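Enquirer: Once you've had a glance at the structure underneath, I'll fire off some questions.
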Amino acid sequence: MVWVQPGIDFLPMNKAQCEKLGWDAPDFVYVCGDAYVDHPSFGAAIISRVLQAKGFRVAMLCQPDWTRDTDFLQFGTPRLGFLVSAGNIDSMVAHYTVAKRKRTYDYYSPGGKTGCRPDRAVTVYSKCIRRLFGADMPIILGGLEASLRRFSHYDYWDDRMHPSVLLESGADLLTYGMGENILIRIAQLLDKGVPIQKIRDVRGTVYLCHTGEKIHYDVGGKWSYADVRADKRAYARAFALQYRNQDSVNGKALTEIYDNDVMLVQNPPMPPLEREELDWVYSLPYMRTYPPCYEKMGGIPAITEVRFSITHNRGCFGGCNFCALAFHQGRTVRSRSVQSVVAEAQLLTTLPDFKGYIHDVGGPTANFRYPSCDKQKTAGVCPNRKCLAPTPCKHLRADHSEYLTLLQKIKALPGIKKVFIRSGLRYDYLLCDQTGAGDAFFKELVRDHVSGQLKVAPEHCSDAVLRDMGKPPIAVFERFKQRYFQLCASMHKEQYLVPYLMSSHPGSTLHDAVVLAQYLKEWGYSPQQVQDFYPTPGTASTVMFYTGIDPFTQKEVYVPRTREEKQLQRALLQFSRPQNAALVRKALHMAHREDLIGFSPHCLVPPAGGKPLQHTVRVARGHDISVTRRTTNAGRVSDTAASFGSHQKKTGWAKAKPKRKKPGKNKK
């Protein structure tokens, strides 16, 4: 049952609702590939409410039928233009697994139904609008799909290079990164009568012009689409230039040349919102749910996990190579004030379906509150140095004091029973905090903010692979794990670590996969699900996958490409499954590790025809591991959580428990 807040309303979703508000036409029509959810965890909700707060009329056209014209024409001609986004995630990721199989569930569509948006939604929607409204209608792209495809890029699903989505879609302007101030500025210029083709100086935008046209900002690099399409090393160098100019302080304009005298220009990034601006954005009147019209269709599943969650920060200086955050939100962190976050928590307690539990107080990384060092606000992020990996920078500022205060104040609010942290936690950053607040936060985390399982992401155990991932050495995780279970034991807490593991990442050889399998064997752990590396636009790891080159060092990187090798690496990580035995044996033969085939305690798999090995979990030791099951936000059981536990959990053991005898049976 949807409960909506009194005194405010959803933005109009059709012509009748616009007329009810007395609008002859909206200023903007926001076309989105997701269903409409008016909650600050959804980019479409934030942008539309920000524009509304600045006096603009915004109508929401969510998941229109792209095979017919009716939906796009229903609002008439908007006064200022169309805003186009694929939604919270890339439409291709939403539709396909890493094996390129069609997904059977869509968390951002009514009832989880698939097929509600087209593949490459930004391009399809933009072409529909251009065909129906002509060349003079301003079309502005935004959101994750557009942001990560703003330059030419490798497309995993087509297995080839694509030009910028701005060129493919026929749109006028593309906004990248977090778009509030970008779109406020664009809207104000359009409102003053400035033609969209003349808007060339707004930071955080990408536009097309003629080759040689004067550029408003200093240019930090250029290349041609023909070169990066023909030369993989040129593509790797181009990506490194893009990465190094993704900072609002020291970033410069970049250009990409196309045929027919076309030049793509990316202006430098828009500065991130400062604390006061973030507080304002999150104070806007969100309905915090989906419109009632979706209820009969099963609601929008994605709201479940975020309905009672709070975002307190933006940006991430973690620097994982497989993550697109650096290319979208950026590597500099900003956070909301304690007062702003506490006020949102108080608001949650007034909702009638609130049960007293805050599901998360987090963000891209839960325990980041500040830029990684004091010089970033004036000098920007270092273009050639990561803050945490492979070792922490000597200038790193690690301090959990304000985050600790924030959690304590929320926890003390009337009506709050428990405050959980479910966003990813950077354990390496936590271990760097020597202020005293670090240990105090660690203790508070274990005592009050873990819902039985704490999510962490070691990803692998091979330091060579971890370097290619941009992650710290495995010894750092071992230190964190040891301290975590010491605290759990001292507080008599039965709590677990949920590790995320990745197979087939660039740099991971079959030998590395064997080493990881041995690591898991030693721990007594057999994961129920392993994440294969997914090459998505906008990440350094995707560039490595396509080119076989590390874009930052220009050194060659081994890439597991074939379907067979990916299957072998995945099977090694799930070596205890009987159905994987043949693949594991094949992998061990190929790696010349026949010593791991047999019946000895260290072996991974028996010989062909042998009885399956019994892989058991040791009990009551802080370094043991148990397999658990969790319920996803769609209410379905998913074998995705495998826990490093302080001792075995009562359900979901890796080894079946003996049946309990009923009372009265077998009595002497």
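The values are calculated or read from the model by the stated rules, or taken from the named source; none is laboratory data. All values reported here derive from a predicted model rather than from experimental measurement. Because the Cβ atoms are built from the backbone with ideal geometry, glycine has one as well, and the counts that use them run over all protein chains shown. With ligands, DNA and RNA removed, areas are computed over all heavy atoms of the protein, side chains included. Shrake-Rupley method; radii C 1.70, N 1.55, O 1.52, S 1.80 Å.
Enquirer: Work out, step by step, the length gained on full extension between residue 435 and residue 104: first 0.36 nm times the residue separation, then minus their alpha carbon distance; give nm to one decimal. Each step should come with its number before you reach the end.
Expert: Working: separation 331, 0.36 × 331 = 119.16 nm, distance 4.79 nm.
Contour length minus Cα-Cα distance gives 114.4 nm.
Enquirer: Quick check on the range 366-445: what are the equivalent-ellipsoid semi-axes from the Cα gyration tensor, as sqrt(5λ), descending, whole Å? If you can, show how the numbers build up before the last one.
Expert: Numbers: eigenvalues 148, 34, 25 Å².
Over the Cα atoms of the range 366-445, the semi-axes work out to 27, 13, 11 Å.
Enquirer: Here's a follow-up. Considering only the other residues whose Cβ falls under 12 Å of the Cβ of residue 63, what net charge follows from Lys and Arg at +1 and Asp and Glu at -1? Intermediate results must be reported in sequence, preceding the final value.
Expert: On the way: positive: 113, 117; negative: 34, 65, 71, 106.
Net of charged neighbours comes to -2.
Enquirer: Can you give me the % of accessible surface on the range 446-542 that is carbon or sulfur? Probe 1.4 Å, all protein chains present, nothing else counted.
Expert: Values: 1450 of 3000 Å².
Carbon and sulfur: 49 percent of the exposed surface of the range 446-542.
Enquirer: Filter the cross-link list 377/481; 411/455; 455/493; 471/555 down to pairs whose alpha-carbon distance in this structure exceeds 23 Å.
Expert: The answer is 377/481.
Enquirer: Can you say what percent of the DSSP beta bridges in the chain, counting only those with both residues inside, are antiparallel? Round to 5. Kindly include the intermediate steps, with their values, before the conclusion.
Expert: Numbers: 27 of 60 bridges.
The antiparallel proportion sits near 45 percent.
Enquirer: Here's another thing I want to ask about it. So how much accessible area does residue 83 have, in Å² to the nearest 10, using a 1.4 Å probe?
Expert: 10 Å²
Enquirer: For the range 18-24, in order, what is each residue's ³J(HN,Hα) by Karplus, 6.51 cos²θ - 1.76 cosθ + 1.60 with θ = phi - 60°, in whole Hz (x at glycine and Pro)?
Expert: Going residue by residue, I get 5, 5, 4, 7, x, 7, 7 Hz, with x marking Gly and Pro.
Enquirer: Can you tally the net charge around residue 53? Count Lys and Arg as +1, Asp and Glu as -1, for every other residue whose Cβ sits under 14 Å from the Cβ of residue 53.
Expert: Values: positive: 49, 54, 57; negative: 27, 38, 180, 277, 279.
Charge balance in the 14 Å sphere: -2.
Enquirer: Once the piece of chain linking residue 296 and residue 529 is laid out straight, how much longer is it, given 0.36 nm per residue of separation minus the C-alpha distance between them?
Expert: Details: separation 233, 0.36 × 233 = 83.88 nm, distance 3.31 nm.
Computed gain between residue 296 and residue 529 is 80.6 nm.
Enquirer: Considering only protein heavy atoms, what is the solvent-accessible area of residue 108 at a probe of 1.4 Å, reported in Å² to the nearest 10?
Expert: 50 Å²
Enquirer: Find the accessible area per residue for the range 207-282; the probe is 1.4 Å, ligands and nucleic acids are left out, and the unit is Å². Before the final figure, lay out the partial values.
Expert: Values: 3550 Å² over 76 residues.
I get 47 Å² per residue for this part.
Enquirer: Given a 1.4 Å probe, how much area per residue of the range 430-575 is accessible, in Å²? The partial results should precede the final answer.
Expert: Working: 4980 Å² over 146 residues.
On a per-residue basis, 34 Å².
Enquirer: Here is a further query. Starting from the Cα of residue 15, step 7 Å toward the Cβ, then list every residue of the range 75-94 with an amide N under 17 Å from that point.
Expert: It comes to 75-79, nothing else.
Enquirer: Probe radius 1.4 Å, ligands and nucleic acids left out: which of 48, 451 has the largest accessible area, and how do the rest follow? Don't skip to the end; give the middle numbers.
Expert: Details: 48 0, 451 50 Å².
Output order, biggest surface exposure first: 451, 48.
Enquirer: Accessible area of residue 70, 1.4 Å probe, to the nearest 10 Å²?
Expert: 80 Å²
Enquirer: May I pose another question? Given H placed 1.01 Å from N in the peptide plane, which residues other than close sequence neighbours of residue 173 have an amide H under 5 Å from its amide H?
Expert: 139, 141
Enquirer: Can you list which of the trypsin sites (Lys or Arg not before Pro) found in the range 279-328 are DSSP loop residues with at most 11 other C-beta atoms within 10 Å? Each step should come with its number before you reach the end.
Expert: Values: sites: 288, 296, 307, 314; in loops: 288, 307.
Answer in residue order: no site qualifies.
Enquirer: All other residues with a Cβ under 11 Å from the Cβ of residue 180 taken together, and with Lys, Arg as +1 and Asp, Glu as -1, what is their net charge? Let's see the in-between values first.
Expert: Numbers: positive: 49, 54, 185, 314; negative: 277.
After counting each charged neighbour, the total is +3.
Enquirer: Okay, next question. Starting from 0.36 nm per residue, how many nanometres of slack lie between residue 592 and residue 132 once their C-alpha separation is accounted for?
Expert: Numbers: separation 460, 0.36 × 460 = 165.60 nm, distance 6.22 nm.
Gain in length upon complete extension: 159.4 nm.
Enquirer: Turning to a different aspect of this structure: Can you tell me the relative contact order of the chain? Whole percent, Cα pairs under 8 Å, sequence separation 6 or more.
Expert: Numbers: 1357 pairs, mean separation 68.5, N = 668.
Once divided by the residue count of the chain, the mean separation gives 10 percent.
Enquirer: What ranking, highest mean first, results for peptides 321-330, 548-557, 367-376 when packing means the other Cβ atoms within 10 Å averaged over each residue? All intermediate terms of the calculation are to be shown ahead of the outcome.
Expert: Working: 321-330: 22.1, 548-557: 16.6, 367-376: 20.3.
Output ranking for 321-330, 548-557, 367-376: 321-330, 367-376, 548-557.
Enquirer: Roughly how far apart, in whole Å, are the Cα centres of the range 140-173 and the range 61-128?
Expert: 15 Å
Enquirer: Can you quote the Å³ per residue value for the convex hull of the Cα atoms in the chain, rounded to an integer?
Expert: Values: hull volume 118.4 nm³, N = 668.
Considering the Cα atoms of the chain, their hull volume per residue is 177 Å³.
Enquirer: Additional query: In terms of modelled amide H atoms, which long-range or inter-chain residues lie less than 5 Å from the amide H of residue 221?
Expert: For residue 221, whose amide H was placed from the backbone, the distant partners under 5 Å are 255.
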